[in-house]
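Colleague: Before we start, here is the structure in question, set down as structure tokens.
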Amino acid sequence: MSEKFTLYGFNNLTKSLSFNIYDVCYAKSQREQKDYIAYIDQQYNSERLTKLLVDVTEMIGASVLNISSQDYEPQGSSVTILIADESKVPMGDTTIAMGDAAIAPGDAAMPMGDTVLAHLDKSHITVHTYPEYHPDTYLATFRVDIDVATCGEITPLSTLDYLIGSFDSDIITMDYRVRGFTRDVAGQKLFMDHRMTSIQDFIDVATLRRYDAVDINVYEANLFHTKMLIKEIDLQNYLFNSDVYELAPKLRLEIMGNLRREMIEIFSGRNIYSREQ
């Protein structure tokens, strides 16, 4: 945030980021599909996901207040972290900065004591995993949903490169929205406290080169949506417990086509290709 505003009271803008990734894998036999799900469940269990969310919390300059985690049967995990942006408020300053708020000595909001840690409302980070497969398609998918909601000055957009790099992401969908309003010292309402045109502006250029990306933004509502589809498919990376050189060329092409169709349908959010009954 390069431009700073002097606010009246408390910056209560809520910034919400929804980050969803899909990983697709080819596993022909039912046994391979179940082994893939077990592998994903182990790789992305609640312990590892907790570490990931704690890292995200530190990256946005917040502190962890509480952690709740759970692994599920037959598969899947969830982690929820309650976080807070903490502003140390030393006494004796002519003007005290609490988040983005300016407090002068004698104000009713003036903190008492030597130091006050101000928890900036209720912010949280959650993650849920959804491994799944269908025995008729030979395809298994792994979906991760991460939601970050912050209040005050902090924003989760700076964590996007880290989140994308933490998973094997074939399809990525992201939604970012700023809700509510705050006021400057003159009483003027501010519905946005940072400049923004696209979520893509916060993603590394090298990462964007690997994906086809589409934006759907509603600027009047401070609502931003970006979805991304991987461009190149290296078949070996999509085979579970199989070697690409063990497959006949015709089968390789068939698998590549099935993978690409699956990704396009997930990316589009609808069934595009008719399947033979």
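Colleague: Regarding PHE240, is this residue open to solvent by less than 80 Å² (accessible area, probe 1.4 Å) and either among the basic types (Lys, Arg) or under 22 Å from the mean Cα position of the chain (by Cα) (or both)?
Modeller: The answer is no for PHE240.
Colleague: With the condition kept exactly as written, say whether any residue in the stretch 149-171 is open to solvent by 80 Å² or more (accessible area, probe 1.4 Å), of a type outside the set (Phe, Trp, Tyr) and over 25 Å from LEU53 (Cα atoms).
Modeller: Residues of the stretch 149-171 open to solvent by 80 Å² or more (accessible area, probe 1.4 Å): 168.
From what is left, the residues that are of a type outside the set (Phe, Trp, Tyr) are 168.
With the extra rule that they be over 25 Å from LEU53 (Cα atoms), the set shrinks to none.
Within the stretch 149-171, not a single residue is open to solvent by 80 Å² or more (accessible area, probe 1.4 Å), of a type outside the set (Phe, Trp, Tyr) and over 25 Å from LEU53 (Cα atoms).
Colleague: Restrict the check to the stretch 201-224 and report whether at least one residue is open to solvent by less than 50 Å² (accessible area, probe 1.4 Å), of a type in the set (D, E, K, R) and at negative phi.
Modeller: no
One line per residue, one yes/no per condition, for (1) modelled with pLDDT of 85 or more; (2) open to solvent by less than 40 Å² (accessible area, probe 1.4 Å):
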residue	(1), (2)
LEU53	yes, yes
MET59	yes, no
ASN66	yes, no
GLN70	yes, no
VAL79	yes, yes
VAL89	no, yes
THR95	no, no
ASP100	no, yes
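Colleague: So, ILE264, is that one open to solvent by 30 Å² or more (accessible area, probe 1.4 Å) and not small (Gly, Ala, Ser) or not?
Modeller: Numbers: open to solvent by 30 Å² or more (accessible area, probe 1.4 Å): yes; not small (Gly, Ala, Ser): yes.
Answer is yes for this residue.
Colleague: Another question, if that's okay. Here are some residues: SER123, SER158. Which one is in contact with an Asp or Glu (Cβ under 9 Å, 6 or more places away or on another chain) and of a type in the set (Ser, Thr, Tyr)?
Modeller: Working: SER158 fails: in contact with an Asp or Glu (Cβ under 9 Å, 6 or more places away or on another chain).
One residue alone meets the criteria, SER123.
The values are calculated or read from the model by the stated rules, or taken from the named source; none is laboratory data. Computed from a prediction, not measured in an experiment: that's the story for all the values here. Note: ideal-geometry Cβ built from the backbone for every residue, glycine included; neighbour counts use all protein chains shown. For accessibility, only protein heavy atoms count, side chains too; no ligands or nucleic acids. Shrake-Rupley method; radii C 1.70, N 1.55, O 1.52, S 1.80 Å.
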